[in-house]
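Okay, so here's the structure we're looking at.
Throughout, read-outs are computed from the coordinates displayed, never taken from laboratory work. The shown structure was predicted, so the numbers you read here are calculated from the model rather than taken from an experiment. Backbone-built Cβ (ideal geometry, glycine too); neighbour counts: all protein chains shown.
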């Protein structure tokens, strides 16, 4: 009994110290038709918040599909399958890394990857004109176009959608992809790094007050890496480390309406716990403001983060590969 008492005291102290900005934290589902899940994505539509992720027997199993849920009246709907890897010839491949994006005043786009492994996959997309309730037939993207590889695109002032992307077929290399017509036609940059001296994938894009863009990304170099673009993503400075640790695990980041930046990351060089929230006013100096998970040896990974129209910050992440957790914060 005494042990339980002190555990409760510790939990309360931890919440006061680290969770005072957290309004709610809950799983999107308690049970589902799949035992394993990963790589969630979030978007706000006119109908409300929508989340998607991949789920199946285990990552890379051919039965892995894209699942989706809707957040309305503070409740998540039952997950539904919206895409699978069944090919025209009947063969089935696993699906990977969904990314949702709401075209302003137009359709909701679901980007995802299809194929046996990350060094062989190809880009796909589907469209929904009713907030994700129904979906068009799948469209395959052009060769060497993957769409946003894990984290959300950003819409530039001229209407161009810039998609932070990367490839794993010739080492781990970043690049940017662009579409001005909602994914019908595409262009892309060359690789931004050599994949050898600097190995990086899965960038997120931040918007700086001087009109420049900043990317932050996962790396095999112990730290979250960053780069700056002064020409709306066409060219980028050399990658350099931030002060944020990275154990070769996915991150996500977004620029808030007040100009501050928020990043969700694993604050360690090894493992995927803890999972932290940090804030920066300039994209360079970061301060941790919350710890979402800190169970030793647990896996809490692949976060997604957005700010909704009401100013609240929504975060989802993989919880032990078994569930997707949803956190709402005010910052």
Under the Debye formula (equal points on every Cα, no solvent term), log10 I(q)/I(0) of the range 174-215 at q = 0.15, 0.28 Å⁻¹:
-0.51, -1.02
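Counting other beta carbons within 10 Å of each residue's own, what order do 176, 329, 103 fall into, fewest first? Write out the running numbers ahead of the final one.
Numbers: 176 26, 329 22, 103 14.
The order, fewest Cβ neighbours first, is 103, 329, 176.
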Counting other C-beta atoms within 10 Å, which of 57, 242 has the fewest, and how do the rest follow?
57, 242
Rounded to the nearest Å, the spacing of the alpha-carbon centers of the range 56-101 and the range 194-222 is 27
Once both labels are modelled 7 Å past Cα along the beta-carbon direction, what's the residue 284-residue 169 spacing in nm?
3.8
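Subtract the Cα-Cα distance of residue 330 and residue 87 from 0.36 nm times their separation in residues, and report this length gain in nm to one decimal. Walk me through the numbers before you get to the answer.
Details: separation 243, 0.36 × 243 = 87.48 nm, distance 4.33 nm.
Value of the extension gain: 83.1 nm.
Can you figure out the FRET efficiency of residue 310 with residue 196, using R₀ = 51 Å and their beta-carbon distance, to the nearest 0.05?
Details: r = 45 Å, r/R0 = 0.88.
After rounding to 0.05, the efficiency reads 0.70.
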Expected output is a single nm value to one decimal: the length gained when fully extending between residue 320 and residue 25, i.e. 0.36 nm times separation in residues minus the C-alpha distance. What is it?
104.7 nm
